[in-house]
Structure formats: C-alpha cells, structure tokens
Amino acid sequence: MEPLNALVALANFVIVPATAYGAQLALGALGVTLIYGILRFSNFAHGDTMAFGAMVTILLTWWLQAQDVTFGVLPTALLALPAGIAVTALLVLATDRVVYRFYRRQRVAPVILVIVSMGVMFVMNGIVRFVIGVDDQVFADGARFLINARDFRDLTGLDEGLAIRTTQAITLVTAIVVVAALFWFLNRTRTGKSMRAYSDNEDLALLSGIDPERVVAITWIIVAALATIAGVLYGLDKTFKPFTYFQLLLPIFAAAIVGGLGSPVGAIAGGFVIAFSEVTVTYAFKKVLGYLLPDALEPAGLMQLLSTDYKFAVSFAILVIVLLFRPTGLFRGQTS
Amino acid sequence: MTFPLRNLLLFVAMLVLILMAGFLQSWNVALSIFNMGVISAVMALGVNMQWGYAGLFNIGVMGFVALGGLGAVVVAMPPVTQAWAAGGARVLLALAVGAAAIAAAIQLWRRLPRGAVRVVALVSVLSAGFFHFRWIFDPAVAAIEAINPAASGYLGGLGLPVLLAWPIGALLAAGAAWIVGKTALGLRADYLAIATLGIAEIIIAVLKNEDWLSRGVKNVIGVPRPVPYEIDLQNDPDFVARAAGLGIDAATASSIAVKLAYAGLFISVVLVLLWLAQTALRSPWGRMMRAIRDNEVAAEAMGKDVKARHLQVFILGSAVCGLAGAMMTTLDGQLTPGTYQPLRFTFLVWVMVIVGGSGNNFGAVLGGFLIWFLWVEVEPLGQWLIVTITSGLPADSVVRLHLLDGAAHMRLLTMGLVLLLVLRFSPRGLLPER
C-alpha cells in the first residue's frame with residue numbers, strides 16, 4: 001500500500017496542480033507565440049491582456065449572478081466567457097488599429113514594437129486597476145470538488161486523499177478543446193493556412209495574394225480569445241489579482257521560448273515543462289519519501305529543493321539552460 | 001561644450017515645474033520630488049548607456065537597483081556580532097562551496113569531450129554541489145535567524161560610512177551584470193529582455209526570502225545617514241535661531257535642511273556622472289559603441305570585439321543603476337524588498353529614457369526628472385480632476401466614489417499614454433541624440 005500512498009500524495013500535490021497550471025501557461029504561451037509568429041515581436045502586454053479579459057468576464061459573471069443565472073455545477077464564469085472574449089477582442093483590435101498598425105506600416109525594428117507593447121502594457125494595467133482595483137477577487141462558484149479527499153480515502157481505503165477541484169478539471173478540458181480547435185483552424189482551414197504561410201514567409205504570402213491586415217486581425221482575435229480563456233482559468237483556479245497576471249509574463253515567456261518562439265506545439269510543451277519543473281522543485285517531498293523509504297531512513301527535513309518563493313528562479317533556470325544549449329527552443333521556432 | 005538653447009529652455013521649464021510644486025504644495029514636496037528626480041536621472045543614465053549607446057534591451061533595472069540598496073545595508077549597518085559568531089563563517093563557507101561547484105561544472109563542460117559522459121558529469125557535480133551547499137547552509141541560516149529575530153535576525157553590515165556604500169552598491173550590481181551578461185548577451189534582443197526580467201525577479205526573491213542577508217520582508221530600517229538627523233537640528237539652538245530669523249518654524253526648517261543636504265550630495269553625483277558619460281560618449285570609445293549599435297556586422301568586420309564591448313557597457317550601465325539604488329536606500333534610510341515592483345523600477349525608467357531621448361545623456365536626466373514629477377503629481381491632479389468632473393453628482397454617489405478610488409491608478413495609464421504618444425509623434429524624445 002505504501003507505494004500507492006506515495007503515488008496518490010504525489011498526484012495530489014504535484015501532478016494535478018502542475019497539469020492545471022501547465023494548461024494555463026500553455027494557453028498564455030500560445031498567445032505570445034502566435035503574436036511572435038505573425039507580428040514578429042514579443043508582446044509584453046500579454047499578461048495584462050489576460051488580466052483585462054479575466055476582468056471583463058468577472059464583471060459579467062457578477063452581473064449574471066445578480067440576475068440569479070447560474071451554470072449548475074459549473075462556474076458561471078464559463079457562461080460569461082464568450083462575451084468576455086468579444087470585448088477583449090474589440091480592445092486588442094482597437095489597440096492594433098490605433099497603436100501597432102502605424103509601426104507595422106513603417107516596418108520598424110522588432111525591439112521598437114516591444115517598447116511600444118510596454119506602453120500598451122502600462123495603459124491596460126491602468127485600465128484594469130482603474131475598473132476593478134488591485135485586490136483579490138473571487139468569482140468561482142458551482143461545485144468545488146470533482147473528487148473530494150475524504151471521499152477518495154473512503155472509496156479506496158488508502159491513507160492519502162486525492163482531491164481534484166472542479167476548476168482544475170475544467171482547466172484541462174477547456175485547454176484541450178481550445179488547443180484542438182486552434183490546431184484544426186491552423187491546419188485545416190483556408191484562413192489558418194494563410195496565417196501559417198504569412199508566418200513562414202511574409203513576402204511569398206503577400207505575392208500569393210494574402211491580405212496581411214486580415215491575417216493580423218484574425219491573429220489578434222485568436223490571441224484575445226486565448227488570453228481571456230487563460231486569464232479566466234487561472235483566476236478560477238487561483239484568484240484574480242491584477243499584479244499576479246503581470247508576474248505571469250515571465251513563466252509564459254519562458255514557456256514560449258523553451259518551446260521555440262513561433263511554434264504552437266512548442267508553446268504547449270513549454271507550458272507543461274515550466275509548470276512541472278516549478279511545482280516539482282518547490283514541492284516538499286517529505287511525505288512521498290516517508291511512504292517510500294523504510295522507517296529508519298525517513299527524512300527529517302522537508303526535502304524541499306527550493307522554497308516556493310523561488311519559483312521564478314525555476315522558470316528562469318530552465319530558460320537559461322535552453323537558451324545556452326538549444327537557442328531555437330525544443331521545437332525549432334523562428335530564428336530571425 | 002555647446003549646449004543648445006532648446007535644451008536649456010527645457011531644463012529651465014522643468015525647474016519651473018518643481019518650483020511651482022514648491023509654491024502651490026509645499027517646499028517639502030518639491031524637494032522630495034527633486035531628490036527622487038535626481039535618483040531617477042541616475043537610473044535613466046544607466047539605462048541610456050545600455051540602450052542609447054549600445055542598443056542593449058535590459059528590463060531588469062529593478063534587480064540592479066535593489067542590489068545597490070542591499071549594498072547600502074551591507075556596508076553601513078552595524079554588524080550583529082552574535083549572528084556572525086553563530087553562523088557567519090558557515091554561511092560564507094556554504095557560499096564558497098556553491099560557487100566552487102558552479103566553477104567546477106563550467107570547467108568540466110569546457111574540458112570534457114562532447115557526449116553523454118559530459119552531461120552526466122555536469123549534472124552530478126551540480127547536484128552534489130547543491131546538496132553540500134544546502135547541508136552547510138541551512139543550519140547556519142537557522143542559527144543566524146534565531147538571534148533576536150524581532151530586532152535583527154540577520155548578519156548586519158560592516159558598519160562603514162554610508163557614502164562608501166554607493167560605489168559598493170554599484171560594484172554589487174556590476175557583479176550581477178557580469179553573470180547575466182556572460183550568459184545572456186549575444187542572444188537576440190527579446191531573449192536578453194526576458195533573461196534580465198527573470199534575473200530581476202530572482203534578485204527580489206532573494207532579498208525577500210534570505211532573512212539572514214537582508215531581513216527579508218521584515219525590512220532593514222535605520223540605515224545610517226550621511227547628513228544630520230532632523231531631531232538633532234531641532235535640538236540645536238543655533239539652528240533654531242537661524243530658522244526663526246528666516247521666519248520658518250524649526251520642524252519645517254530641519255526637514256528642508258536635511259533634504260537640501262541630500263540634494264547637494266545627489267547633484268554632485270549626477271554632475272560627475274554626466275561629465276563622465278558625456279566624455280565617454282564623445283571619445284573614440286563612444287563612437288565605437290554607436291557604430292556597433294548601428295551596424296554590428298560592419299563593426300565586427302572593422303575588428304571590433306562586439307561581444308566584449310556589449311558586456312562592458314552592460315556592466316557599466318547596471319553599475320550606474322546599482323549606484324542609484326544605493327543612493328535611494330540612503331535617502332529612504334531603509335531597505336524594503338517588498339516595495340520593489342517592476343512597473344515602478346524597470347518600466348518607468350524606460351519611459352524616462354524614451355521620453356527624454358535615447359542616446360542623449362541630458363535627455364535621460366531631463367526624462368528622469370519629468371517622468372518622476374508626473375508620477376508623483378498625476379495622483380493629486382487626477383484626484384482634483386475627478387472631484388471637479390463629478391462635482392455635479394451627490395457626494396455619496398457610487399460612481400463618484402469609485403472614480404475617486406480609481407484616481408490613484410491614473411498614473412499607470414498616464415505613463416502608458418505619455419510613452420505611446422512620444423513614441424508615435426516624437427520617437428527620438430525631447431532631446432534627440434545628435
């Protein structure tokens with residue numbers, strides 16, 4: 001029974017949370033990587049786009065809750081999500097029209113666009129703080145657990161419980177659906193193919209009559225959808241706080257770069273690599289080892305490699321290792 | 001040295017803005033804005049060296065500023081002798097072991113032939129080093145932090161004069177910059193950006209969590225000052241008499257006198273830095289840096305060592321940011337790791353450089369003053385604006401209260417708008433590079 005208990009403890013504290021977190025990072029990294037592939041710059045406003053999308057969804061959720069509309073066992077936020085995506089898409093399209101298009105026409109160096117995105121980041125951050133404030137907002141409702149730790153113990157007779165929160169399950173399911181839809185779109189539809197063509201070789205795509213403004217607009221809409229979904233899922237799973245979304249930039253970029261900037265498959269792989277390493281390195285393995293090792297060898301300390309506050313250090317270390325040894329990322333992204 | 005009239009006028013206008021704050025608000029506010037403006041100008045000078053001279057995209061300014069602040073603590077705070085006795089030597093030993101493991105790993109990687117053996121050797125050396133490090137380090141930290149945790153619980157500093165901390169803070173930042181530069185320079189601009197963003201977060205995490213070093217979120221307060229304390233001035237009959245002669249009460253006069261003393265110190269630093277930066281920019285070295293920035297391939301073909309020059313200017317710029325950090329901690333008299341936020345200490349400095357005019361040292365200084373002034377003054381202005389706009393609404397109206405609440409966040413919005421407007425309509429900044 002002991003190895004089973006160890007496995008359940010590991011699943012409860014490492015595998016389940018890391019999978020949910022990885023799915024959120026993967027969705028965020030997909031947005032970053034798409035912008036990089038099509039518009040060819042690193043969008044520093046992405047974290048704040050996620051915060052904006054989540055904020056709109058939260059406001060709509062509160063309105064729905066006030067109208068006594070709920071979604072049964074599922075969080076009401078899922079009902080508000082499409083409208084949240086629509087508002088965010090309008091915002092990023094307007095931003096592109098007012099801000100980015102000018103520089104695109106001038107064909108400025110990518111680094112200038114990065115600085116421009118810093119300005120957009122300030123503005124979006126200001127809007128979010130202005131509208132909803134800087135505090136934690138809880139908006140999850142519906143059933144809390146898919147499997148409750150006590151039920152699991154009663155069911156299996158093990159000492160360790162396994163709890164899976166509804167939000168974690170929803171995160172994974174939504175992420176799978178979204179990613180499947182995105183890949184279907186990119187690989188099977190005419191528009192998706194034109195996007196990939198534009199990403200691979202801009203001049204050739206222009207010659208074959210692809211309308212660049214249309215490609216860019218569709219990219220922004222997809223990115224708004226990905227950012228809003230990622231933001232809402234992260235907010236449901238943890239809590240919504242504008243500043244944490246800004247801090248997510250680092251793991252998200254790390255995921256996108258580790259996977260290879262510009263490569264959608266890489267972004268997903270990168271998201272999970274970063275999430276699993278963050279959670280594993282900062283998890284105290286005392287309990288798991290306690291089950292596995294004989295009593296005499298039971299560890300005295302927490303057996304934690306690094307304290308949780310150093311989770312940024314983990315994304316960073318992986319990022320540096322990948323950059324030093326395989327600068328194009330795990331899946332070859334764009335190098336130019 | 002020629003100084004165009006336009007530049008002079010802009011600097012005079014900036015001075016008038018600060019004087020207006022003095023007349024309309026209070027001289028205390030105006031002097032605080034001025035002092036932090038000088039510090040911001042130093043930070044902007046550092047970033048301008050990296051971005052304006054060399055085109056290096058560093059968004060880890062916060063980390064280097066915080067290291068400078070740590071420098072102030074390590075140099076100026078009195079040592080906690082009990083803590084040193086309890087675990088000081090052991091902590092140093094642990095750090096040496098950690099550094100040795102990393103050095104050994106790097107040597108192994110260079111010496112061994114490519115292949116699986118090399119990877120296994122690297123991983124085993126690093127993990128053995130890490131566990132040894134933790135095995136020596138953890139008990140020492142526990143011992144140090146156990147000593148009077150409410151008042152000290154850390155190693156303290158060296159007890160040296162705080163002005164020494166300024167160059168030492170710069171050195172600390174330069175050391176960190178050397179490590180970052182060695183690994184991340186030579187990568188693409190976006191990668192360097194993410195790497196510096198990451199190192200800044202890590203430095204802040206270290207300051208927040210390594211209580212033995214910086215007391216973490218418990219903050220180090222009472223860092224010694226290079227200028228007199230207000231309370232001593234107020235107890236000095238000579239000073240009180242002179243203040244009365246000027247018609248100011250002693251409390252106000254003492255705080256203004258202290259701020260003026262800081263302002264004098266800071267101005268001399270910024271003038272020396274400006275002189276150095278201008279001389280460097282106009283020297284052959286400066287021309288080479290700009291040549292590298294404008295065309296790396298051509299500069300390399302001319303025999304310039306692009307990578308080494310990038311590393312050099314990256315270290316120099318980061319050191320200047322560290323100097324600013326040490327100055328700021330000295331001015332505040334405390335190190336509060338919890339208050340270091342990237343928007344305030346990294347991205348705001350970037351706004352200063354871009355608005356001032358990248359590549360122009362005077363532009364960086366002007367940008368530092370102007371953006372800091374806006375950062376401070378936007379909040380009361382926004383408050384006033386909203387009170388005026390909503391004056392038609394009843395005093396307890398929900399909309400009005402929410403807007404008043406939000407006025408505090410106007411500054412981020414304003415900074416973003418300023419940055420976007422300057423980038424769009426005057427991309428070379430207020431004082432363009434010649």
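Read-outs: derived from the displayed coordinates by stated rules, not from any lab. Everything numeric here is computed off the predicted structure, so don't read it as measured data. Quick reminder, even Gly has a Cβ in these numbers, built from the backbone with ideal geometry, and neighbours come from all protein chains shown.
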Gap separating the Cα centres of region A:10-28 and region B:192-224, nearest whole Å: 27
Virtual spin-label span in nm between A:Ala66 and B:Val217, 7 Å along Cα→Cβ: 3.3
Dipole magnitude (debye, nearest 20) for the protein assembly as shown, charges at Cβ of Lys, Arg, Asp, Glu: 2420
Reach of B:Lys182 by Cα under 22 Å, taken over lysines that are not fewer than 8 positions away in the same chain: B:Lys304, B:Lys307
Straight-distance crosslink candidates among lysines, where the alpha carbon sits under 25 Å from A:Lys287 and sequence neighbours closer than 8 are dropped: A:Lys238, A:Lys311
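Let me know the mean shielding of A:111-117 by other chains, meaning the per-residue number of their Cβ atoms within 10 Å of its Cβ.
Other-chain Cβ atoms within 10 Å of each residue's Cβ, averaged: 5.
Under a point-charge model restricted to the Cβ atoms of Lys and Arg (+1) and Asp and Glu (-1), what is the dipole moment magnitude of region A:89-193 relative to its Cα centre, in debye to the nearest 20? Could you put the intermediate results ahead of the total?
Values: 13 positive and 8 negative charges, 220 e Å.
Result for region A:89-193 is approximately 1060 debye, rounded to the nearest 20.
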For A:Arg165, net neighbour charge (Lys/Arg +1, Asp/Glu -1) across residues whose Cβ lies under 15 Å away: 0
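For peptide A:317-329, what's the mean number of Cβ atoms from other chains within 10 Å of each residue's Cβ?
Numbers: counts 2, 0, 5, 9, 1, 0, 8, 4, 1, 0, 4, 0, 0.
The mean count of partner-chain Cβ atoms within 10 Å per residue comes to 3.
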Dipole of the protein assembly as shown, positive direction: furthest Cα of A:Thr33, A:Phe145, A:Gly84, with charges on the beta-carbon: A:Thr33
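Is any helix in chain B, taking whole DSSP H runs, at least 24 angstrom long along its axis by alpha carbon and on average at least 1.6 on the Kyte-Doolittle scale, and which ones?
On the way: long enough: B:5-24 (28 Å, 2.40); B:27-48 (30 Å, 1.44); B:89-111 (32 Å, 1.33); B:116-146 (45 Å, 1.35); B:165-184 (27 Å, 1.21); B:189-209 (30 Å, 1.44); B:250-282 (47 Å, 1.55); B:306-332 (39 Å, 0.99); B:361-389 (39 Å, 1.34).
The qualifying helices are B:5-24.
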Within the protein assembly as shown, percent of DSSP bridges classed antiparallel, to nearest 5: 90
Positive-end extreme of charge dipole, chain A - chosen from A:Ile222, A:Thr57, A:Gly22 (charges on Cβ): A:Ile222
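Cβ neighbours within 10 Å, averaged per peptide: list B:365-371, A:285-291, B:275-281 in order, most packed at the top. Please report the intermediate quantities before stating the final value.
Working: B:365-371: 27.6, A:285-291: 18.0, B:275-281: 16.1.
Highest mean packing first, the order is B:365-371, A:285-291, B:275-281.
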Chain B: most fluctuating residue of B:Ile231, B:Ile33, B:Ile106 per GNM, C-alpha cutoff 10 Å: B:Ile106
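About its Cα centre, what dipole magnitude does chain B give when the only charges are +1 on Lys and Arg Cβ and -1 on Asp and Glu Cβ, stated in debye to the nearest 20?
Values: 28 positive and 21 negative charges, 338 e Å.
Magnitude of the dipole: close to 1620 debye.
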Fewest-first sequence of A:Leu248, B:Leu126 by Cβ atoms within 10 Å of each Cβ: B:Leu126, A:Leu248
Crossing angle, helix A:110-132 versus chain A [Cα axis fit, 0-90 degrees, rounded to tens]: 60
Reachable aspartates and glutamates, given that their alpha-carbon falls under 13 Å from the alpha-carbon of B:Lys208 and they are not under 8 places away in the same chain: A:Asp309
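Taking Cα pairs under 8 Å and at least six residues apart, what relative contact order does chain A come out at, in percent? Please report the intermediate quantities before stating the final value.
Values: 535 pairs, mean separation 106.8, N = 336.
Computed over chain A, the figure is 32 percent.
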Added length on full extension, which subtracts the Cα-Cα distance from 0.36 nm per residue, A:Leu74 to A:Arg105: 6.7 nm
Relative contact order [Cα under 8 Å, 6+ residues apart], region A:179-275, whole percent: 12
10 Å Cβ neighbours from other chains, averaged over peptide B:149-158: 0
Modelled FRET efficiency - R0 30 Å, A:Val138 with B:Leu404, Cβ distances, 0.05 increments: 0.75
Cβ-defined net charge surrounding B:Met410, 14 Å radius [Lys, Arg +1; Asp, Glu -1]: -1
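Could you list B:Ser26, A:Ser263, B:Ser318, B:Ser32 so that the one with the fewest beta carbons within 10 Å of its beta carbon is first and the one with the most is last?
B:Ser26, B:Ser32, A:Ser263, B:Ser318
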Angle between chain A longest axis and helix A:264-281 axis [Cα atoms, degrees, rounded to 10]: 30
Centre separation in Å (Cα based) which lies between region B:1-41 and region A:242-258: 37
Rounded to 10°, Cα long-axis angle of helix A:311-325 versus longest principal axis of chain A: 60
MRE, 222 nm, helices only [DSSP H, n ≥ 4, -39500 (n - 2.57), over the protein assembly as shown, to nearest 500]: -23500 deg cm²/dmol
Packing-based order for B:256-263, A:38-45, A:267-274, using average beta carbon neighbours within 10 Å, highest first: A:267-274, A:38-45, B:256-263
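Compute the relative contact order of chain B as a whole-number percentage, counting only Cα pairs closer than 8 Å that sit 6 or more residues apart in sequence.
Working: 644 pairs, mean separation 131.3, N = 434.
RCO, chain B: 30 percent.
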Fluctuation leader among A:Arg105, A:Arg144, A:Arg165 - chain A, Gaussian network, Cα springs under 10 angstrom: A:Arg105
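Going highest first, how would you order B:214-225, B:114-125 by mean Cβ packing within 10 Å?
On the way: B:214-225: 18.2, B:114-125: 12.2.
Result, highest mean Cβ count within 10 Å first: B:214-225, B:114-125.
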Residues whose placed amide H lies under 5 Å from that of B:Gly156, excluding near-sequence neighbours: B:Val80
Separation of alpha-carbon centers, region B:55-86 and region B:414-434, rounded to whole Å: 33
